[in-house]
Amino acid sequence: MITVVAGLMLLPLIPLQAGELIPPKSFKAYDTPNDGGESISLVWRASPSDSPEVDYVLHMANSPEGPWQEVMRVRSNTYYKNSALERFGFRKRNKDTHLLQIDPRRHFSSDKNRKALYYFKLAIARGEEFIPVEKVVSGRARGNWFNTAKLNNFIIMIAFSGVVLFFIIHARRNPKLFLRKISGLDAVDEALGRATEMGRPVLFVHGLTGMGSISTMASVNILSRIANRIAEYDAELKVVNNDPIVLSVSQEVVKEAYLEAGRPDAYNQDNVVMVASEQFPYVAAVGGIMTRERPAANFFMGYFYAESLILAETGASTGAIQIAGTDSYTQLPFFITTCDYTLMGEELYAASAYLSREPMLLGSLRAQDLGKAAIIVILFFGTALSSFGIGFISQVFRAF
Amino acid sequence: MSFLRRTVPLAIAFTVGVLMAFQYFVPHPHSKAFLELMTRWDRIIAGFAVFIGIYSLFHLHWTRIRRKAAGWGYSIFVFLGAGITIAFGLYNGGEAFWHDKKEDTMFDWLFLYVQVPAGATIFSILAFFMASAAYRTFRARTVESTVLLIAAIIVMLGRVPVGALISPYIPVVADWIMGVPNLAAKRGILLGVSLGAIATSIKIIFGVERQYLGGGD
């Protein structure tokens with residue numbers, strides 16, 4: 001009975017409380033961190049009045065006296081700081097802080113000064129009601145010299161680079177490094193020997209990516225090693241390309257390899273050619289070479305797309321021994337099913353070091369193995385900790 | 001000569017390699033401008049390199065025709081195809097090539113009704129090659145190929161309506177195979193590839209790996 005009476009007494013107060021707009025606190029403006037000077041961040045603590053019916057209205061000016069223009073109106077239960085993890089991290093209070101990022105040049109496009117100071121006023125509004133925050137804040141957009149959101153990536157890069165360089169120097173002092181066997185690379189000599197005995201050419205097929213791709217760089221390095229041995233064996237090497245820059249590099253690499261082997265006379269520029277620049281014309285041209293010239297060995301090295309299976313199946317139908325190497329994981333199954341040997345993923349990058357047996361190059365392989373061991377340990381502990389609800393490892397390794 | 005052929009390219013590779021690696025971490029407008037500059041240079045070099053590619057292609061096929069090499073008749077089509085396309089490209093639908101490209105010209109027709117269908121024809125062969133490769137691989141000779149065969153059958157059935165008709169568990173198992181063992185293997189390969197790519201980049205930047213310059217030293 002007492003509860004009911006108390007409830008009835010409070011009834012007239014309810015509409016008054018619902019209608020009361022409480023302006024937000026701690027309104028601040030500052031340069032958005034980790035950007036190129038494109039925006040100014042505006043933050044304020046969430047108001048108790050936040051609801052889908054209430055809006056925040058932002059006004060902006062390029063002088064404290066105005067004129068002011070409305071630049072944004074947003075629902076008060078949206079635009080929180082935790083939506084920009086890449087800039088503001090995982091702090092718990094971010095979910096109670098509103099964030100708006102304003103590109104001043106969108107609203108003041110005539111301003112030539114990129115570092116101009118801008119002024120902001122905030123108000124909370126519902127229908128006709130409009131309560132401004134007393135404080136006027138100012139901020140300027142500046143370009144940042146380091147993206148702290150990528151700090152984890154930066155540390156990993158520096159650490160892993162350090163490990164690679166350490167093992168390269170270490171390998172120079174201790175050249176007898178153990179190296180696990182890679183069957184695909186052990187078979188290179190077998191394939192070249194077969195081609196020499198049969199008197200048929202060796203065909204080297206580049207992937208579709210250009211010289212900017214690390215897999216093409218790796219395949220060019222392998223080409224150099226293969227060309228050197230072919231020159232020694234006095235066999236014929238044909239290299240097909242689909243990119244003119246890769247063609248130029250391949251011609252130079254093969255020429256130098258023949259020169260190094262003491263057989264510059266055996267080099268024929270017409271054997272290192274560009275056959276087509278488009279994907280399927282390239283397939284048709286290479287398929288034609290395979291069926292007409294019947295190479296004894298085919299090497300597919302680099303980054304391949306849908307053409308991988310067509311090329312490898314055509315090669316298999318001619319009876320050639322085939323060795324493929326790619327870091328394109330979607331095409332790996334096709335090469336594995338149709339080629340005699342396949343270099344999977346990082347084995348493509350390891351190939352040049354493995355074939356040359358140069359200690360300095362082999363050192364990097366040890367670093368790669370160490371990197372993989374570290375990743376396995378981190379994955380193991382990360383999974384175990386996540387299973388107990390501790391997820392900081394996934395936050396530490398999050399990429400932005 | 002060694003200075004120009006070795007030292008200068010290695011110095012350029014080191015300088016640009018280090019700058020580009022750090023560029024990724026610097027959001028400043030100067031950093032973006034540097035990236036834009038490098039990208040523009042790349043496009044300009046690629047533009048000039050096209051002439052080297054065309055020369056290589058024409059030289060190869062001209063030599064084949066001259067020597068009457070096996071299948072030399074096909075090389076004539078290279079010159080015919082290239083000649084007709086270049087001619088219509090320069091003609092530009094009646095306006096000269098230095099004007100903006102006109103739409104619906106003979107050049108577009110050649111691309112849409114010759115090159116695209118020809119490419120699609122080559123692509124369609126993939127289905128037949130996939131069947132022949134699958135036949136060779138899925139013969140259950142070893143334990144590994146038997147596992148592969150069973151997994152492939154489940155995934156194939158799980159992806160078509162008849163799989164669910166046979167048993168409602170087939171699509172579930174198919175999804176599990178794709179989402180757990182397949183994804184785990186894929187991520188394992190990707191991690192290895194990433195480490196390998198970084199190690200190779202470091203070797204190139206520091207001049208340890210220099211085969212791409214031709215020769216070893």
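Please specify each residue of the stretch A:291-308 satisfying the condition of being part of a helix (DSSP H, G or I) and crowded, with 24+ Cβ neighbours inside 10 Å. Spell out how you get there, then give the answer.
Residues of the stretch A:291-308 part of a helix (DSSP H, G or I): A:291-293, A:307-308.
Across the stretch A:291-308, the qualifying residues are A:Glu307, A:Ser308.
Tell me the residue from A:Tyr329, A:Tyr305 that is of a type in the set (Ser, Thr, Tyr), more than 9 Å from chain B (Cβ to nearest Cβ) and touching a Leu at 6+ places or on another chain (Cβ under 7 Å), please.
Numbers: A:Tyr329 fails: more than 9 Å from chain B (Cβ to nearest Cβ).
None of the others qualify; the one that does is A:Tyr305.
It is to be established whether one or more residues within the stretch B:162-174 are closer than 21 Å to A:Ala312 by Cβ and not assigned by TED's automatic domain parsing to the domain that holds B:Asn92. Spell out the reasoning first.
In the first step, residues of the stretch B:162-174 are kept if they are closer than 21 Å to A:Ala312 by Cβ; the result is none.
For the stretch B:162-174, residues closer than 21 Å to A:Ala312 by Cβ and not assigned by TED's automatic domain parsing to the domain that holds B:Asn92: absent.
Taking the stretch B:178-195, which residues are more than 13 Å from chain A (Cβ to nearest Cβ) and in contact with a Gly (Cβ under 8 Å, 6 or more places away or on another chain)?
Within the stretch B:178-195, no residue meets the criteria.
Could you say whether any residue in the stretch A:317-326 is farther than 21 Å from B:Leu190 by Cα, outside any loop (DSSP other than H, G, I, E, B) and within 11 Å of another protein chain (Cβ to nearest Cβ)? Walk me through it before giving the result.
First pass over the stretch A:317-326, keeping only residues farther than 21 Å from B:Leu190 by Cα: A:317-322.
Narrowing the set further to residues that are outside any loop (DSSP other than H, G, I, E, B) leaves A:317, A:321-322.
Narrowing the set further to residues that are within 11 Å of another protein chain (Cβ to nearest Cβ) leaves A:317.
Yes: one or more hits.
Within the stretch B:18-58, count every residue that is under 23 Å from B:Thr85 (Cα atoms) and within 7 Å of chain A (Cβ to nearest Cβ).
So the count comes out to 7.
Table: residues versus (1) modelled with pLDDT of 90 or more; (2) more than 10 Å from every other protein chain (Cβ to nearest Cβ).
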| position | (1), (2) |
| --- | --- |
| A:Gly143 | yes, no |
| A:Phe146 | yes, no |
| A:Ile155 | yes, yes |
| A:Ala159 | yes, yes |
| A:Val163 | yes, no |
| A:Arg173 | no, yes |
| A:Leu177 | no, yes |
| A:Lys181 | no, yes |
| A:Val188 | yes, yes |
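Answer yes if at least one residue in the stretch A:92-100 is over 36 Å from the mean Cα position of the chain (by Cα) and touching a residue at least 24 places away in the same chain (Cβ under 8 Å), and no otherwise.
Residues of the stretch A:92-100 over 36 Å from the mean Cα position of the chain (by Cα): none.
No - not one qualifying residue is present in the stretch A:92-100.
Name every residue in the stretch A:118-134 that is surrounded by 15 or more Cβ atoms within 10 Å (Cβ to Cβ) and either of a type in the set (Lys, Arg) or free of Cβ contacts under 8 Å to residues at least 60 places away in the same chain (or both), in order of residue number. Walk me through it before giving the result.
Quick first cut of the stretch A:118-134, residues surrounded by 15 or more Cβ atoms within 10 Å (Cβ to Cβ) only: A:118-126, A:131, A:133.
Residues satisfying the conditions are A:Tyr119, A:Lys121, A:Arg126.
Only residues in the stretch B:196-209 that are at the interface with chain A (Cβ under 7 Å from one of its Cβ atoms) count as the first member; pair them with residues that are outside any helix (DSSP H, G or I), Cβ under 6 angstrom, at least 6 apart or cross-chain, and list the lot.
Listed by first residue and then by second, the contacts come to B:Gly196/A:Glu346; B:Lys203/B:Glu209.
Residues being within 30 Å of A:Asn268 (Cα to Cα), of a type in the set (A, V, I, L, M) and not in a helix (DSSP H, G or I): count how many of those fall in the stretch B:59-107.
2
Could you grab me the full set of residues in the stretch A:197-214 that are of a type outside the set (A, V, I, L, M), touching a strand residue (DSSP E or B) at 6+ places or on another chain (Cβ under 9 Å) and more than 14 Å from A:Ser250 (Cα to Cα)?
Hits for the stretch A:197-214 are A:Arg200, A:Pro201.
Of the numbered conditions (1) touching an Asp or Glu at 6+ places or on another chain (Cβ under 9 Å); (2) more than 30 Å from A:Lys150 (Cα to Cα); (3) at pLDDT 90 or above, A:Ala61 satisfies every one except a single condition; which is it?
Condition (1) is where A:Ala61 drops out.
Can you go through B:Ala127, B:Ala152, B:Ala185, B:Ala118 and tell me which one is assigned by TED's automatic domain parsing to the domain that holds B:Ile84, closer than 30 Å to A:Tyr282 by Cβ and surrounded by 12 or more Cβ atoms within 10 Å (Cβ to Cβ)? Before the answer, list the steps.
On the way: B:Ala127 fails: surrounded by 12 or more Cβ atoms within 10 Å (Cβ to Cβ); B:Ala152 fails: assigned by TED's automatic domain parsing to the domain that holds B:Ile84; B:Ala185 fails: assigned by TED's automatic domain parsing to the domain that holds B:Ile84.
None of the other options fit; the residue is B:Ala118.
The values are calculated or read from the model by the stated rules, or taken from the named source; none is laboratory data. The shown structure was predicted, so the numbers you read here are calculated from the model rather than taken from an experiment. Using ideal geometry, Cβ is built from the backbone for each residue, glycine included, and neighbour counts are taken over all protein chains shown.
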